[in-house]
Amino acid sequence: MDDRTAEQTEWPTARRAPKRNDGAGCLLAGLGAVAAPLAWAPRAAISVGGGFEGQARDLSVLFVDLPLVVLGGALVPLLAWALAGRWVRRPWAAPLVALAVLALAVWGLTEWWTPRHQQGAGHGPI
């Protein structure tokens, strides 16, 4: 048999200091999952309420758009954090990049997404 000790047969592992910001990514994802629908809701209110006599009611915003907005609000900061953590070697840069990407995503959501408004009687040229 071989007389090697357990210390000699172990694979060399890189010892890393424990990260202090492990929960910060999850906290930022939760913030994104809350902030995105809060920015989205005022623009979607007319589709849920329906406007005058419920003519413009479109409940697909609740069944399609809302889950996608919440999912995007949670995944965009996590993806940005992961990519920044891989490409940038500074540990403080990843949270800042993720927060900036979340802010840009919420701004883009409010600028780009507009619910569909149906044209009813009296909404157009005579």
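Which condition number does THR110 fail, the rest of (1) among the hydroxyl-bearing types (Ser, Thr, Tyr); (2) modelled with pLDDT of 80 or more; (3) assigned to a loop (DSSP other than H, G, I, E, B) being met?
(3)
For the condition modelled with pLDDT under 85 and open to solvent by less than 70 Å² (accessible area, probe 1.4 Å), what is the one hit in ASP58, ASP22, ASP3?
Numbers: ASP22 fails: open to solvent by less than 70 Å² (accessible area, probe 1.4 Å); ASP3 fails: open to solvent by less than 70 Å² (accessible area, probe 1.4 Å).
Among ASP58, ASP22, ASP3, only ASP58 is modelled with pLDDT under 85 and open to solvent by less than 70 Å² (accessible area, probe 1.4 Å).
Residues to consider are LEU96, LEU71; find the one that is surrounded by 12 or more Cβ atoms within 10 Å (Cβ to Cβ) and over 14 Å from the mean Cα position of the chain (by Cα). Quick ask: steps written out before the conclusion?
Numbers: LEU71 fails: over 14 Å from the mean Cα position of the chain (by Cα).
Exactly one residue qualifies, and that residue is LEU96.
The values are calculated or read from the model by the stated rules, or taken from the named source; none is laboratory data. Remember, it's a predicted structure, so these values are computed and weren't measured experimentally. Ideal geometry is used to build each Cβ from the backbone, glycine not excepted, and the neighbour counts take in all protein chains shown. Each accessible area value is taken on the protein alone, full model and side chains, heavy atoms only, with ligands, DNA and RNA left out. Shrake-Rupley method; radii C 1.70, N 1.55, O 1.52, S 1.80 Å.
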